[in-house]
Each structure stands twice: as C-alpha cells, then as structure tokens.
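Derivation of every value follows stated rules applied to the coordinates shown; laboratory data play no part. Here the structure is a predicted model, which is why all the values come from computation and not from measurement. FYI the Cβ positions are ideal-geometry reconstructions off the backbone, even for glycines, and counts take in every protein chain you see.
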Amino acid sequence: MTTKDEAMDAVGKLLSYLEADNQREGLKKTPQRVIESWDEIFSGYKEDAKDILDATFNGEGYDGIVLLRDIEFHSTCEHHLQPFSGRAHVAYIPVDRIVGISKLSRIVDMHAKRLQNQERITKGVVDDLEKHLSPLGAAVIVEASHGCMRCRGVKKQNAVMTTSAMRGVFFEKPEARQELMQLIQSGPL
C-alpha cells in the first residue's frame with residue numbers, strides 16, 4: 001500500500017509533467033491538498049454497505065414502494081479521472097423491515113465516492129439493497145452528466161446517461177415498474 005508521502009510525491013511528479021516550476025507558491029502545497037481532497041472524494045473505499053444498511057426498523061406491515069428520488073451524487077470516472085455527477089432514484093418494497101431514508105442516500109454516496117463507472121454504481125446500490133434488506137423488489141435509476149463527455153473527446157455539453165437496475169417485482173411485474181416510474185416523474189413537491 002502506498003503511503004501518504006509517496007502519494008504526494010507522485011502528484012508532484014504529475015505536476016512537473018504539466019509545469020516545469022511546480023515549486024512556485026501556488027503549486028508548492030498542491031500535492032498535499034490533492035491527497036487530502038482525494039481522502040474525502042474517495043471515502044467510499046472506507047465504508048461498508050452492511051454498516052450502512054444494518055440498522056432497520058419494523059415496517060409495521062407497510063408493503064408499498066419506498067422511494068427516495070433525486071439523490072444528488074458526485075463521482076469520478078475511472079477511465080479518465082474526470083468528474084461525473086447526477087441524481088439517483090432508489091426504491092424498494094419492504095417485507096418486514098424498513099431502513100432510515102438517510103441510509104438510501106448514504107449507500108449511493110458510498111458507491112459514488114470511489115473510482116467508478118455509472119453502471120457499477122447502479123448495480124452496486126441495487127445489489128446492496130437486495131442483499132441487506134431482502135425486499136420484494138429493489139430498483140435504482142441513475143442519471144448523470146460526465147466530464148469526460150463534456151470537456152474532452154466528443155464535447156457534448158447536454159448529454160445525460162441513464163442506467164437502471166430492477167430486481168424482484170420491479171423486474172417481474174410491469175405494473176410495479178410503471179408505478180415506480182410514475183412516482184419518479186411526479187415532479188417536485
């Protein structure tokens with residue numbers, strides 16, 4: 001495992017690739033700042049889905065859709081180290097137990113705060129819901145704008161990528177999927 005000092009040295013070498021004078025005042029502490037920001041941006045590596053979704057509550061017989069929509073997230077593309085951000089819609093139908101709504105947001109953040117691709121975030125969140133909550137159904141829809149599409153390559157400013165993963169009744173029953181989509185599209189409060 002690389003130490004923090006080794007990581008800062010590596011950032012310094014990358015800076016020297018861009019600018020010969022990487023010791024000028026504005027860049028002198030940049031390696032330290034980059035590593036400190038990475039500790040925050042990539043904090044998802046230090047989290048575990050079981051710890052996040054472990055605290056559940058009695059569902060008291062509730063058997064409808066639980067949906068938290070428009071969960072803002074920010075991530076980093078593993079292919080170009082470019083940011084991408086968007087929103088996730090996370091839903092499940094409980095059997096006996098429900099989870100606090102902040103946990104749904106936290107599980108999205110855990111996956112997003114890693115070097116990622118959007119498909120893996122989508123699949124990872126739905127896999128965790130299925131594994132730790134054992135719901136009748138779980139669904140995740142992610143919409144994001146990618147820096148690698150906006151500022152390099154094809155330079156498409158308004159392109160939005162959408163990924164989805166449906167499990168259980170959301171996959172098997174079109175009427176459950178349709179109800180979920182209507183709830184997501186119902187708009188702001």
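Take the alpha carbon gyration tensor of the stretch 39-85, find the square roots of its eigenvalues, order them as a ≥ b ≥ c, and report rounded if a/c is under 1.5; if not, report prolate when a/b exceeds b/c, else oblate.
It comes out oblate by the Cα gyration axes.
As I understand it, the value is the acute angle between the Cα axis of helix 4-18 and the longest principal axis of the Cα atoms of the chain; what does it come to in degrees, rounded to 10?
Between helix and principal axis, roughly 70 degrees.
Among Lys46, Lys28, Lys173, which one shows the biggest mean-square fluctuation in a GNM of the chain, springs joining Cα atoms closer than 10 Å?
With Cα springs under 10 Å in the chain, the top fluctuation among Lys46, Lys28, Lys173 is at Lys28.
When the chain is treated as a GNM, springs tying every alpha-carbon pair under 10 Å, which of Gly26, Gly86, Gly147 comes out with the largest mean-square fluctuation?
Judging by the Gaussian network model, the answer is Gly26.
Could you list Cys77, Cys148 so that the one with the fewest beta carbons within 10 Å of its beta carbon is first and the one with the most is last?
Listing Cys77, Cys148 from fewest to most nearby Cβ atoms yields Cys148, Cys77.
Which of Ile41, Ile101, Ile121 moves the most in a Gaussian network model of the chain with Cα springs under 10 Å?
Among Ile41, Ile101, Ile121, the largest GNM mean-square fluctuation belongs to Ile101.
For Lys131, list the aspartates and glutamates whose Cα falls under 15 Å from its own Cα; do not include residues on the same chain fewer than 8 positions away.
Straight-line reach from Lys131, under 15 Å: Asp48, Asp51, Asp54, Asp96.
Kindly identify the stretch 1-52 as rounded, prolate or oblate by the Cα gyration tensor criterion: order the square roots of the eigenvalues as a ≥ b ≥ c, call it rounded if a/c is under 1.5, otherwise compare a/b with b/c, prolate if a/b is larger, else oblate.
prolate
Suppose only helical runs count, i.e. DSSP H with n ≥ 4. What mean residue ellipticity at 222 nm does that imply for the chain under -39500 (n - 2.57) per run, divided by all residues and rounded to the nearest 500 deg cm²/dmol?
Calculated at 222 nm, the ellipticity per residue is -12500 deg cm²/dmol.
Where does helix 30-41 land angle-wise versus the long Cα axis of the chain, in degrees 0 to 90, nearest 10?
Compared with the principal axis, the helix lies near 10 degrees.
Just to compare against my own numbers: the Cα pair-distance distribution for the stretch 141-183, 5 Å bins, whole % per bin, please.
P(r) for the stretch 141-183, in whole percents per bin: 6, 20, 19, 15, 11, 10, 12, 8, 1.
Among Met161, Met1, Met166, rank each residue by its count of other Cβ atoms within 10 Å, from fewest to most, as a rough exposure measure.
By the 10 Å Cβ count, ascending: Met1, Met161, Met166.
Which percent of the Cα-Cα distances in the chain go past 22 Å?
Value for the chain: 55 percent of Cα pairs lie more than 22 Å apart.
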